[in-house]
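Since the structure comes first, as structure tokens, the remarks are kept for the end.
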Amino acid sequence: MNKDKRYQILSRLRDNNPNPTTELEYESPFQLLIAVLLSAQATDVGVNKATRKLFPAAPTAETMLALGVDGIKEYIKTIGLFNSKAENAYKTCKILVEQYDGEVPESREALEALPGVGRKTANVVLNTAFGWPTIAVDTHIFRVSNRTKLAPGKNVNEVEQKLIKVVPKEFKVDVHHWLILHGRYTCVARKPRCGSCVIEDLCEFKEKTSD
Ligand code: SF4
């Protein structure tokens, strides 16, 4: 895909949604971190349902630590993999309290050292809580980047590196959310809704649908 077309795609996604953000509900970097940690292999809707009760009961690392692993489990047992997620959330709270005064560190290295936090979660937190131009490639971003040919790659790391390289600076902070939302609602996995897609004329996918 050439540079001009890429610019047009990103401009159009921006016009369509000038202030994109995550659909996870949170009120602090700490709550975002926990919500992202809980969201692995789960939907944002399912995570929000659980955190609407969990966060009022334990809004900070200190209060969540006080719940204990079993206490956290009670609130998140509707979410897949809740046993290991509760363990990770508890251990993460312990480290935050003991090493960072209960705050979320604004550092990739420190975030990736937390239990259950990998590159993707760190990218989401750095981008969404702290405004870093990081791009967390999930299944939606991977699919949209490949179908459109915006940033094709064989795996999520390749797509991430390609996006970092080709996305102009002015779009870098928001591109992650535009592509997720586009993949979640329009360029869906089974049958993309090309007929109602705002970038249909620019997308280079060969098997477009008329829906
Ligand atoms: S035209 Fe179709 S394949 Fe291309 S981005 Fe839109 S929905 Fe996805």
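So, in segment 45-56, of the ones that are farther than 15 Å from S28 by Cβ and aliphatic (A, V, I, L, M), which residue ends up surrounded by the fewest Cβ atoms within 10 Å (Cβ to Cβ)?
Checked segment 45-56; the qualifying residue surrounded by the fewest Cβ atoms within 10 Å (Cβ to Cβ) is V45.
Among the residues in segment 183-194, are any touching a residue at least 24 places away in the same chain (Cβ under 8 Å), assigned to a helix (DSSP H, G or I) and either within 15 Å of the ligand (Cβ to nearest atom) or among the charged types (D, E, K, R) (or both)? It would help to see each step written out before you state the result.
Restricting attention to segment 183-194, the residues satisfying the condition of being touching a residue at least 24 places away in the same chain (Cβ under 8 Å) are 183-184, 187, 189, 192.
The next check asks that each one be assigned to a helix (DSSP H, G or I); those that pass are 183-184.
Within this subset, residues satisfying the condition of being either within 15 Å of the ligand (Cβ to nearest atom) or among the charged types (D, E, K, R) (or both) are 183-184.
Yes, segment 183-194 contains a residue that is touching a residue at least 24 places away in the same chain (Cβ under 8 Å), assigned to a helix (DSSP H, G or I) and either within 15 Å of the ligand (Cβ to nearest atom) or among the charged types (D, E, K, R) (or both).
Is at least one residue of segment 174-182 within 9 Å of the ligand (Cβ to nearest atom), free of Cβ contacts under 8 Å to residues at least 60 places away in the same chain and farther than 14 Å from N127 by Cα? Explain how you work it out, then say what you get.
Narrowing segment 174-182 to residues within 9 Å of the ligand (Cβ to nearest atom): 182.
Restricting the remaining residues to those that are free of Cβ contacts under 8 Å to residues at least 60 places away in the same chain gives none.
Taking every residue of segment 174-182 in turn, none turns out to be within 9 Å of the ligand (Cβ to nearest atom), free of Cβ contacts under 8 Å to residues at least 60 places away in the same chain and farther than 14 Å from N127 by Cα.
Which of (1) assigned by TED's automatic domain parsing to the domain that holds N16; (2) more than 10 Å from the ligand (Cβ to nearest atom); (3) of a type in the set (S, T, Y) is the odd one out, the single condition T121 does not satisfy?
Looking at each condition in turn, T121 falls short on (1).
When you scan segment 134-153, do you find a residue that is in contact with a helix residue (DSSP H, G or I) (Cβ under 7 Å, 6 or more places away or on another chain), surrounded by fewer than 16 Cβ atoms within 10 Å (Cβ to Cβ) and at pLDDT 95 or above, even just one?
yes
Taking the condition free of Cβ contacts under 8 Å to residues at least 60 places away in the same chain, part of a loop (DSSP other than H, G, I, E, B) and not hydrophobic (A, V, I, L, M, F, W, C), does T78 pass?
On the way: free of Cβ contacts under 8 Å to residues at least 60 places away in the same chain: yes; part of a loop (DSSP other than H, G, I, E, B): yes; not hydrophobic (A, V, I, L, M, F, W, C): yes.
When the stated conditions are applied, T78 passes them.
Of L126, L163, which residue is under 19 Å from the mean Cα position of the chain (by Cα) and either within 16 Å of the ligand (Cβ to nearest atom) or surrounded by fewer than 16 Cβ atoms within 10 Å (Cβ to Cβ) (or both)? Please lay out each step first, then the result.
Numbers: L126 fails: either within 16 Å of the ligand (Cβ to nearest atom) or surrounded by fewer than 16 Cβ atoms within 10 Å (Cβ to Cβ) (or both).
That would be L163, the only listed residue that is under 19 Å from the mean Cα position of the chain (by Cα) and either within 16 Å of the ligand (Cβ to nearest atom) or surrounded by fewer than 16 Cβ atoms within 10 Å (Cβ to Cβ) (or both).
Here are some conditions: (1) of a type outside the set (G, A, S); (2) farther than 30 Å from K172 by Cβ; (3) not in a helix (DSSP H, G or I). Q41 meets all but one. Which one does it not meet?
(2)
Would you mind telling me which numbered condition in (1) exposed (fewer than 15 other Cβ atoms within 10 Å of the Cβ); (2) not assigned by TED's automatic domain parsing to the domain that holds T139 G102 fails?
(1)
Going residue by residue through segment 76-96, is there one that turns out to be farther than 14 Å from A61 by Cα and among the acidic types (D, E)?
Taking segment 76-96 and keeping what is farther than 14 Å from A61 by Cα, we get 76-85.
Narrowing further to those that are among the acidic types (D, E): none.
Within segment 76-96 (the criterion being farther than 14 Å from A61 by Cα and among the acidic types (D, E)), the answer is no, since none of the residues qualifies.
Starting from segment 1-30, take each residue that is surrounded by 15 or more Cβ atoms within 10 Å (Cβ to Cβ) and list its partners that are of a type in the set (S, T, Y), counting only C-beta distances under 6 angstrom and pairs at least six apart or across chains.
Pairs that qualify, where the first residue is surrounded by 15 or more Cβ atoms within 10 Å (Cβ to Cβ) and the partner is of a type in the set (S, T, Y), are T22/T128.
The values are calculated or read from the model by the stated rules, or taken from the named source; none is laboratory data. Note that the coordinates shown come from a computational prediction; the quantities given were computed from them, not determined experimentally. Virtual Cβ from ideal backbone geometry, glycine too; neighbours counted across all protein chains shown.
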